[in-house]
Amino acid sequence: MSKQPKQAPDPQTSLELSRRRLLGTVGAAGAAGLVVGGAGGTIAASAEQSDAPTALTTVGSTEVPFREERTKHQAGITTPLQANGHLVAFDLAPGADRKAAAALLRRWSRTAEELMAGRTPDADTGVALDAGPSSLTVTFGLGHSFFDRTGLRKRRPVQLDPLPDFSADALDGKRSNGDLWIQIGADDALVAFHALRALQKDAAGSARLRWQMNGFHRTPGATAHPMTTRNLMGQIDGTNNPKPSDEDFDERIFVGRDADQEWMRGGSYAVVRRIRMLLDDWEKRSRGEQEKVIGRRKSNGAPLTGGSETTPMRLDENDPDGLPVIPANAHARIAAPESNQGAAMLRRPFSFHDGFRDDGAPDAGLLFICWQADPLRAFTQVQRKLDRGDALSPFLRHEASGLYAVPPAAASGDYVGQPLLEG
């Protein structure tokens with residue numbers, strides 16, 4: 001009896017089955033917060049063997065919830081840094097009142113929730129139609145002037161009082177402050193831009209763009225293992241960041257239950273600074289000189305007193321000549337919590353490069369963003385000390401600044417800031 005010829009599989013069915021298997025595999029990895037790493041090679045090999053398009057990779061499929069029921073905090077604060085970022089500030093349009101502000105934040109919250117889930121809102125532009133959520137986060141903040149525009153001065157937290165002037169400041173008012181602030185982060189550039197464009201369209205008639213900045217960060221999976229990022233000076237940046245596992249993390253970063261303004265309980269305060277790096281001057285210095293300015297090894301971030309990146313600095317150790325191994329004006333020494341009565345903040349910056357200046361120098365540096373429960377006791381305290389004699393300061397220019405109250409995440413069915421605007 002002759003064998004029946006084997007029936008060729010339906011291409012569409014095979015593709016769908018392959019897609020389901022792949023999504024099932026990478027979805028679990030994404031939920032665990034893993035990077036692609038070696039798995040990327042496996043996916044590529046499968047694509048070559050099947051000669052069919054692959055589905056979303058781990059990077060594309062990872063989703064960050066808009067409403068975090070466990071922490072009650074907005075996404076984009078403790079979320080791992082994404083590869084692409086946009087910072088944007090708006091001022092309420094003339095005549096826009098508290099009711100208009102509430103309607104805008106309701107639209108923005110709805111759009112952010114849809115986009116973060118990988119869904120497309122109505123009248124979508126199609127920019128990110130083929131991508132998954134890509135760890136998209138959208139974070140909303142309120143500036144000092146927002147409370148004047150909406151008649152809510154009495155409910156403005158004292159922590160939102162303007163930051164003091166610092167001697168290194170060369171601030172551009174047009175690129176600073178703003179009634180409303182949004183931080184967007186995603187591991188895909190089109191997904192990040194798509195969110196920016198959708199939120200800008202939502203603001204039409206209610207708020208006007210004040211300023212916008214673009215940033216970037218290392219792509220997840222670009223290193224052999226997860227590690228602290230480097231800035232454009234080549235330095236590992238963020239070693240001493242507070243960690244969610246620290247016993248006092250929430251106390252330092254998030255507003256407590258005893259806060260005067262009930263609507264901010266569980267929220268945080270974001271300080272935003274555009275800091276241009278004088279890279280031409282910096283790169284003329286030898287590696288040894290750079291390391292003394294920072295107080296850490298450039299190769300691995302270890303303190304000059306030895307060990308690895310996470311080894312505590314021995315600030316009292318001297319060299320054979322009796323001088324501190326970590327110089328007295330080293331950036332790491334001056335910024336350390338030990339030098340600031342325990343003051344600490346969660347740094348979550350993006351790098352930026354906006355082309356070149358007239359003299360040919362790169363217009364590049366850090367979009368510095370830090371989070372804390374009280375800016376006066378964290379950022380301001382540390383920056384004042386840096387302002388008095390930080391060896392890194394001659395290589396930096398602080399060109400824009402903003403301080404924003406970032407309310408807790410919206411409850412189910414609500415929008416960000418609703419307890420303030422409707423309370």
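Structural remarks
- Gained length - PHE356 relative to GLU289, 0.36 nm times residue gap less alpha-carbon distance: 21.6 nm
- Per residue, the chain reaches -7500 deg cm²/dmol at 222 nm when only DSSP H runs of four or more residues are counted, each adding -39500 (n - 2.57).
- For a straight C-alpha distance cut-off of 29 angstrom, the lysines reachable from LYS72 (same-chain residues fewer than eight places away being disregarded) are LYS99, LYS154, LYS201, LYS243.
- A Cβ-based charge dipole, computed about the Cα centre of the chain with Lys and Arg at +1 and Asp and Glu at -1, lands at about 500 debye.
- Rounded percent of accessible protein surface that carbon and sulfur make up, the chain, 1.4 Å probe: 50 percent
- Charging the Cβ of each Asp and Glu at -1 and of each Lys and Arg at +1, and nothing else, the dipole of the stretch 77-118 about its Cα centre rounds to 160 debye.
- Prolate/oblate/rounded label for the stretch 360-402 (Cα gyration tensor, a/c 1.5): oblate
- Classification of the chain by its C-alpha gyration tensor yields an oblate form. The axis ratio a/c (a ≥ b ≥ c) is 1.5 or more, and b/c is at least a/b.
- Neighbours of ARG175 by Cβ distance under 12 Å: Lys/Arg scored +1, Asp/Glu scored -1, total +2.
- For the peptides 238-246, 281-289, the ranking by packing is 238-246, 281-289, with the highest mean count of neighbouring Cβ atoms within 10 Å listed first.
- In the chain, taking the dipole from charged Cβ atoms about the Cα centre, the farthest positive-side position among GLY322, PRO121, GLY143 is held by PRO121.
- Computed extension length for GLU338-ARG70: 93.3 nm, one decimal, from 0.36 nm per residue of separation with the Cα-Cα distance subtracted.
- Cα gyration tensor shape for the stretch 259-411, rounded if a/c is under 1.5, else prolate or oblate: oblate
- Principal axis analysis of the Cα atoms in the stretch 99-193 yields extents of 46, 36, 20 Å, listed in decreasing size.
The values are calculated or read from the model by the stated rules, or taken from the named source; none is laboratory data. All of these numbers come straight from a predicted model, not from anything done at the bench. Cβ: placed from backbone, ideal geometry, glycine included. Neighbour counts: every protein chain shown. With ligands, DNA and RNA removed, areas are computed over all heavy atoms of the protein, side chains included. Shrake-Rupley method; radii C 1.70, N 1.55, O 1.52, S 1.80 Å.
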